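Below is one structure; the comments refer to it alone.
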Amino acid sequence: MGRIAATAFCLLLGLTACARYEVTRVYGGHVRTERFIDEVAYREFLRAAELEARGEWRAAALAYRAALAEDPESVEAWVQLGLVTCRMGADPARSFSAAEQLDAAYAPLWSARGACARVLGRRDPNAIERAFLLDPDDEVLALAQASSLLEQGAREPAARLLRDLAVRRPASLRVWRAVLDCAILTKALAWQRTASLRLAELDAASRSTPSTVIEDIETALVAGTPELAVARARAARVGTAELVALAIAVGQPALALVMAERVVAADPAATDMRLLGALAADLAKAPLRFDSLMNGADAPQPELLGELGRAALSELVLRHGGVKLSDAVPGPSPTERDTATHLVRARLRLRGQASSAVRQPLDSFESRAK
């Protein structure tokens, strides 16, 4: 596997690099020393994740065990093996215990234990609460804790948690749906009205970026008028990441690279933009700029990658002899996807096949960017 594919695997799994030595990284201002992981373990883990996504539990379990044979200290692999074992109806205690011995403060471990209990027809509110307390900023864990509190009859604590979450996640449809459901259950009329109005606003906003808007932006990019494309994107509230992805999609990687680098310079933690910029640099045959974008990134958790980041990462690995990653990476359900982002991701994955504009061959742009 090539150097770029190996680097992408590291980003995907939230690990720092692929070798047998330690590395020092800075996360949120805190210096941490972490280990490198063998490349075979990455490959087996990804194969297992893809099998798991297909519902092939036994094959996934075998692949996770193969990953653990290469890297027995992978808490992620032990947790996923426990989940797969649970789904097969077997006892996951050994896998979860191994994960706990490695890292008892790993929130997904306790979330998995709570999910496993539900699969087996039981409840484990303590595991769900522990996962939430370990990572209170995680929206999924917070919603799971609120649901668990409601199941226990603790309506007011659940309502307070959901209202606080709505303040911190004002654009989340699933948060506001949970707020509305809880408000109906607790007969909180004011919150029913607030949640209903907010959901209506978010629903209208999601419909305000139809495919014609994306096509108008693409047409401006193809016509060589990036200023017009930017103006149209701003008017339609299409994000910069979407604009960069569209520039890649219409065969203008050099332009996409410039836009991505500007964002990363202002926000070094913009991982999705780093990956889009790296893809643009790769297409534009700008290896030094590619290295600058990839080497300057702290390793993210997989669930923190957005749709466009996952699509760019998958394409980078495919371009350098790797495997398809997009289906193996956890992401939002189709009902939760932002309309504009979903449309742009489709364009990115089907470069040159949209009917909205006559696109120049990608090779011509690559040669121009040399």
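The values are calculated or read from the model by the stated rules, or taken from the named source; none is laboratory data. From a predicted model like this one, the values you see are computed outputs, not experimental measurements. Positions of Cβ are generated from backbone atoms using ideal geometry, with glycine treated the same way; all protein chains shown enter the neighbour counts. Side chains are part of the model used for accessible areas, which takes the heavy atoms of the whole protein and leaves out ligands, DNA and RNA. Shrake-Rupley method; radii C 1.70, N 1.55, O 1.52, S 1.80 Å.
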Legend entry - Near pairs, Cβ below 7 angstrom, 6+ apart or cross-chain, from the stretch 222-235 (farther than 11 Å from Leu255 by Cβ) to any residue that is open to solvent by 50 Å² or more (accessible area, probe 1.4 Å) and among the polar types (S, T, N, Q): none
Legend entry - Residues (more than 12 Å from Val40 (Cα to Cα), among the hydrophobic types (A, V, I, L, M, F, W, C) and open to solvent by less than 80 Å² (accessible area, probe 1.4 Å)) located in the stretch 58-72: Ala59, Ala60, Ala61
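Do we have any residue at all in the stretch 104-118 that's open to solvent by 30 Å² or more (accessible area, probe 1.4 Å), closer than 25 Å to Ala154 by Cβ and among the hydrophobic types (A, V, I, L, M, F, W, C)? Talk me through it step by step, then tell me what you get.
The initial filter retains those residues of the stretch 104-118 that are open to solvent by 30 Å² or more (accessible area, probe 1.4 Å), namely 104-106, 108, 111, 113, 115, 118.
Subsequent filtering for residues that are closer than 25 Å to Ala154 by Cβ retains 105, 108, 111, 113, 115, 118.
If we keep only those that are among the hydrophobic types (A, V, I, L, M, F, W, C) too, we end up with 105, 115.
Taking every residue of the stretch 104-118 in turn, at least one turns out to be open to solvent by 30 Å² or more (accessible area, probe 1.4 Å), closer than 25 Å to Ala154 by Cβ and among the hydrophobic types (A, V, I, L, M, F, W, C).
For Phe132, state whether it is free of Cβ contacts under 8 Å to residues at least 40 places away in the same chain and farther than 30 Å from Ala154 by Cα.
no
Determine which member of the set Arg232, Arg237 is open to solvent by 40 Å² or more (accessible area, probe 1.4 Å), closer than 30 Å to Leu276 by Cα and not in a loop (DSSP other than H, G, I, E, B). I'd like the intermediate steps shown before the answer.
Values: Arg237 fails: not in a loop (DSSP other than H, G, I, E, B).
Matching residue, one of Arg232, Arg237: Arg232.
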Inset, instruction - Working only within the stretch 118-130, note down all residues that are modelled with pLDDT of 90 or more and in a helix (DSSP H, G or I). - result: Pro125, Asn126, Ala127, Ile128, Glu129, Arg130
Inset, instruction - Please indicate, with yes or no, whether at least one residue in the stretch 286-306 is under 25 Å from Glu139 (Cα atoms) and touching a strand residue (DSSP E or B) at 6+ places or on another chain (Cβ under 8 Å). - result: yes
Inset, instruction - Hey, could you check the stretch 24-57 for residues that are of a type outside the set (A, V, I, L, M, F, W, C), over 23 Å from Val119 (Cα atoms) and part of a loop (DSSP other than H, G, I, E, B) and say which is modelled with the highest pLDDT? - result: Asp38
Inset, instruction - State yes or no: is Ser211 at pLDDT 85 or above and of a type in the set (Gly, Ala, Ser)? - result: no
Inset, instruction - Exactly one condition in (1) modelled with pLDDT of 85 or more; (2) closer than 23 Å to Asp137 by Cα; (3) open to solvent by 50 Å² or more (accessible area, probe 1.4 Å) is not met by Asp267; state its number. - result: (1)
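Go through the stretch 131-184 and report how many residues are assigned to a helix (DSSP H, G or I), aliphatic (A, V, I, L, M), open to solvent by 60 Å² or more (accessible area, probe 1.4 Å) and closer than 22 Å to Leu202 by Cα. Break it down stepwise before answering.
Start the filter on the stretch 131-184 by keeping residues that are assigned to a helix (DSSP H, G or I), which leaves 131-134, 139-151, 155-168, 173-184.
Restricting the remaining residues to those that are aliphatic (A, V, I, L, M) gives 131, 133-134, 140-144, 146, 149-150, 158-159, 161-162, 165-167, 173, 175, 178-180, 183-184.
From what's left, open to solvent by 60 Å² or more (accessible area, probe 1.4 Å): 133-134, 140, 167, 184.
Adding the requirement that they be closer than 22 Å to Leu202 by Cα leaves 140, 167, 184.
Qualifying residue count for the region: 3.
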Legend entry - Filter result for the condition that a residue is open to solvent by 20 Å² or more (accessible area, probe 1.4 Å), modelled with pLDDT under 80 and on the phi > 0 side of the Ramachandran plot, over Gly331, Gly321, Gly296: Gly321
